[in-house]
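Notes follow once the structure below has been shown.
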Amino acid sequence: MERQRSYYLDRLRVLSILLLFPVHTFMIWNDYGQKFYVWGGENRLLSSLIILANPWFMPILFVIAGMCAKYSLEKRTTKEFIHERVQKLLIPFFSGLVFLVPFQTLFARKYFDGYSGTIVENILYFFTHFTDLSGYDGAFTPGQLWFILFLFLISLVALLIAKLVPYGKVQNLVSQSNIIAILALFPLVWAGYYIGNFGGFSLGKNLVLYLLGYYILSNEKVLEVLEKFWALLFSLFCVSLLTLVFLYYNYAYYGDWLVNFVSWVGSCALIATGIKFFNTSSKTLRYLNQASFPIYILHQSILVAVGYYVLRYLNGLFLQVVTIMGVSFLLTIGLYEIIKRIPFVKTLIGMK
């Protein structure tokens with residue numbers, strides 16, 4: 001695929017990363033039965049708004065990663081690809097696990113337990129206490145870095161699968177796919193959801209999405225079909241997503257089958273819409289695309305710290321929500337601007 005045709009992928013990647021700020025801000029008021037690192041009480045509206053993004057904004061990142069892996073392997077050897085994955089994913093995972101995630105669990109302990117110990121003591125606690133891996137109780141968690149770890153493992157597994165089932169061997173069949181065949185891939189996503197599922201974070205589902213991106217959605221003929229039926233796909237996406245939000249808001253229903261349908265049809269719909277309407281570049285897009293991965297790694301630790309102080313010192317739900325989103329975004333961008341100028345430190349968050 002020519003470089004000019006990848007701008008829509010950049011836009012979708014940036015959109016998904018930026019949605020982390022409202023989604024994780026709203027999580028402070030979730031009513032899912034499990035509190036966040038800091039918690040402002042249950043709010044059904046904010047919890048329902050999370051569902052506007054949650055079923056698709058992380059799944060589409062795995063789809064895009066699979067598509068980009070296909071393009072990357074056209075230019076890199078297997079050894080170079082693995083080396084790039086280690087630099088971009090594995091090193092940031094371990095550095096973030098040491099320097100970032102314990103910081104947000106520190107605020108969880110301060111908020112819920114009145115913890116007043118040192119940062120070093122908290123780090124020791126973090127690495128010696130294991131509960132449900134959420135970290136909301138201050139114990140060990142991969143935090144937001146679950147995505148980094150999953151993507152690294154999935155990249156290696158998919159690389160092995162690609163050796164066993166070469167891309168070129170299946171493309172004649174893939175090229176014959178019509179819109180019904182593409183939509184009919186949804187059961188694979190749904191079935192994958194139950195494999196390696198850790199509290200709703202599924203290795204199996206995300207591996208399936210990555211492979212569908214690699215084998216199916218990187219095919220030019222398939223992309224032409226998606227673009228042709230973009231209106232149908234987008235309509236299906238909106239109807240199914242709004243149905244999911246309605247069911248949760250009114251009945252607290254969050255059915256697995258509907259969530260996974262939204263994951264797949266949403267990925268197809270947004271890619272189709274991106275190709276048709278948003279396949280252009282801009283200075284802002286280039287900046288945010290380059291910053292997107294560091295933003296992902298940094299954002300939650302900053303957001304939790306901001307949320308801790310906002311909940312303590314500001315009143316009013318609207319003011320709290322807007323302040324947490326806005327201040328955490330600005331601080332994340334500011335920290336990114338500092339880190340990218342420090343050669344050793346920037347390698348810790350996957351920057352070249």
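The values are calculated or read from the model by the stated rules, or taken from the named source; none is laboratory data. Keep in mind that what you see is a predicted model, and the values were worked out from it rather than measured. Virtual Cβ from ideal backbone geometry, glycine too; neighbours counted across all protein chains shown.
Of all residues in region 246-267, those that are more than 17 Å from G213 (Cα to Cα), surrounded by 16 or more Cβ atoms within 10 Å (Cβ to Cβ) and not hydroxyl-bearing (S, T, Y) total 3. Annotation note: Cβ proximity below 6 Å between a residue of region 224-236 that is closer than 19 Å to F186 by Cβ and a residue that is modelled with pLDDT of 95 or more and of a type in the set (S, T, N, Q) (sequence gap 6+ or interchain) occurs for W230/T273; F234/T273.
Taking (1) surrounded by fewer than 22 Cβ atoms within 10 Å (Cβ to Cβ); (2) farther than 20 Å from Y7 by Cβ in turn, H299 satisfies each apart from (1). Out of curiosity, is V189 buried (at least 22 other Cβ atoms within 10 Å of the Cβ) and either of a type in the set (D, E, K, R) or assigned to a helix (DSSP H, G or I) (or both)? In short, yes. Suppose the filter is assigned to a helix (DSSP H, G or I), more than 26 Å from the chain's Cα centre (by Cα) and either of a type in the set (G, A, S) or within 30 Å of P102 (Cα to Cα) (or both); does A158 pass it? The answer is no for A158.
If you go through region 82-124 and pick out every residue that is farther than 25 Å from G200 by Cβ, in a helix (DSSP H, G or I) and hydroxyl-bearing (S, T, Y), you end up with 1.
Please find, among S328, S282, the residue that is farther than 25 Å from I28 by Cα and among the polar types (S, T, N, Q).
Values: S328 fails: farther than 25 Å from I28 by Cα.
Every option except S282 fails the conditions.
If we scan region 127-141, do we find a residue that is of a type in the set (D, E) and in a loop (DSSP other than H, G, I, E, B)? Yes, the conditions are met somewhere in region 127-141.
Within region 163-180, the set of residues being surrounded by 14 or more Cβ atoms within 10 Å (Cβ to Cβ) and either touching a helix residue (DSSP H, G or I) at 6+ places or on another chain (Cβ under 7 Å) or closer than 18 Å to W257 by Cα (or both) comprises Y167, V174, S177, I179. A Cβ distance below 9 Å, combined with a sequence gap of six or more or placement on separate chains, defines the contacts here; from region 98-118, residues that are at positive phi reach no residue that is surrounded by 14 or more Cβ atoms within 10 Å (Cβ to Cβ) and part of a helix (DSSP H, G or I).
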